[in-house]
Amino acid sequence: MSDFVLDPSRRLFLRGSAFAAVVSLLPEATLAQSQTIRLGALVPLTGAGGSYGPPMAKAAKAVVDEVNAVGGIHGRKLDLIVEDDQTSPEAAVRAARKLIDVDKVVAIMGTWASAVTTAVAPLCWESKTFLTTTSGADSITLLPHQGYLIRTQPNTVLQGRKFGEYAIERGAKRIFFISPQTPFAKSQFDNITAVAQKAGAETASLIYDDKKPSYRTEVDEVLRFKPDAIIFGGYMPDTSIMLKDVFRAGFAGLKIAFGYSVNQKLIDGVPAEVVESIVTISPSPAEGSDAYARVARIAGVTNPDPYTAQIYDQINLVILALAAAGATEPSGTAIRDNVRKVSQSTDGTKISNAPDGLRLLADGRSVDYDGASGPCEFTDIGDILDCKFRYDEVKAGKLVLLKIA
């Protein structure tokens, strides 16, 4: 009796047939899942930026839902994976690795803190994952990102100039800038100083440890300079402590802060007299625009903050860039190569949302996206070309608009 030996080619045929039989039994949704385009949102759900991340994630999810409701991109649905960067570079790197290596996203959107963006950017350009950010440090767009990065936040050259100009406008002659160590602290101070010196004013600065429970020693050093204006460069937790110590020390001059640090949450959390008359400066969303109204509706808020407006624009731009790539396989490279074609086309039809843009692109027409944060036009290195700023003053526990300019 001879032994039976299975022919290798027959074994391969049987294995392939069995696989085909199993695949044919899979539900259609399981097969379609492999065709979804995955996008990542890396936002601060906790930490110093924790008040901004949840509405950012909600706005991004709402855009994905809108696009999926009209058929997705070339018939492929979108899947948004949201991760918490904890406003921490270390946590952000872990989350970004998951999004890139496990979830296989083609884009990561919404990084908020400059230190977070600086930490995750190399992971993105090395993997050819497109990165969109709301961070402002000048150094970010100077990284060797190979075009895989844009930001909708003005850089600190522009922001520093605005802070300095406002202090001079209010008559300040001795301006003190106090800040924790951040990627933008030096640039911010340098640009404040450039404006101040041109107007004949003097400046000084101090970098502090943002983990301290009290800043009385630092405040004493600030007041030895005899400033008539103090500019606060920190985040909400440390700025809250700093403002209390400045108030206790009896400083009665002009106080200016970033809008993301002295926000309504901080105002509600300290005694009213501590924050009364503080002026905040922030990049201004395009209030009154169709896109801004759309963000307000889908995010369920009356006045969307600048970062919610910006991530709304970022995800719309990513979707439109993927659609403009046509039959090209969705990728970070496809976004890189097409994002300016949909954001600053000289002959494109003006649009403010992805569904309208998808319809026009499907008809072979070009589009020019203007968003909730303003015109989304970028330099070669990824900086936003133009931006307006809003100036608010704390009065009786509320932020009151002074001007938009």
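If only the Cβ of Lys and Arg carry +1 and only the Cβ of Asp and Glu carry -1, the dipole of the chain around its Cα centre is close to 200 debye. Other residues within the sphere of radius under 9 Å centred on the Cβ of A249, judged by their own Cβ, net out at 0 (K and R +1, D and E -1). Y166 accessible area, nearest 10 Å², 1.4 Å probe? We get 10 Å² for Y166. Only Cα sites of the chain enter the Debye sum here, all with the same form factor; the resulting log10 I(q)/I(0) across q = 0.07 1/Å is -0.37, listed in q order. Computed about its Cα centre, the charge dipole of segment 169-240 is approximately 160 debye, with only Lys, Arg, Asp and Glu carrying charge at their Cβ. Across the options V342, I81, A196, the greatest Cα extent toward the positive end of the charge dipole of the chain (unit charges at beta carbon of Lys, Arg, Asp, Glu) belongs to A196. For a test of the definition: using alpha carbon positions, the gyration tensor, and the 1.5 limit on a/c, classify segment 164-285 as rounded, prolate or oblate. Verdict is rounded for segment 164-285.
Positive-end ranking of I37, N316, A252 along the dipole of the chain, with charges on Cβ about the Cα centre, is headed by A252. Once a ≥ b ≥ c are taken as the square roots of the eigenvalues of the Cα gyration tensor of segment 296-405, is the result rounded (a/c under 1.5), prolate (a/b larger than b/c) or oblate (a/b not larger than b/c)? Judged from the Cα gyration tensor, segment 296-405 comes out prolate (a/c at least 1.5, a/b above b/c). Quick check on segment 325-383: take the gyration tensor over C-alpha atoms, sort the square-rooted eigenvalues as a ≥ b ≥ c, and tell me if it's rounded (a/c under 1.5), prolate or oblate. Oblate, because a/c is 1.5 or more while a/b does not exceed b/c.
If you rank D380, D220 by how much accessible surface each has, with a 1.4 Å probe, what is the order from largest down? Walk me through the numbers on the way to the answer.
On the way: D380 140, D220 70 Å².
Largest to smallest exposure gives the sequence D380, D220.
The values are calculated or read from the model by the stated rules, or taken from the named source; none is laboratory data. Computed from a predicted model, the values in this text were never measured in an experiment. Cβ atoms come from the backbone with ideal geometry, glycine included; neighbour counts cover every protein chain shown. Accessible surface is based on the protein model in full, side chains and every heavy atom, while ligands, DNA and RNA are left aside. Shrake-Rupley method; radii C 1.70, N 1.55, O 1.52, S 1.80 Å.
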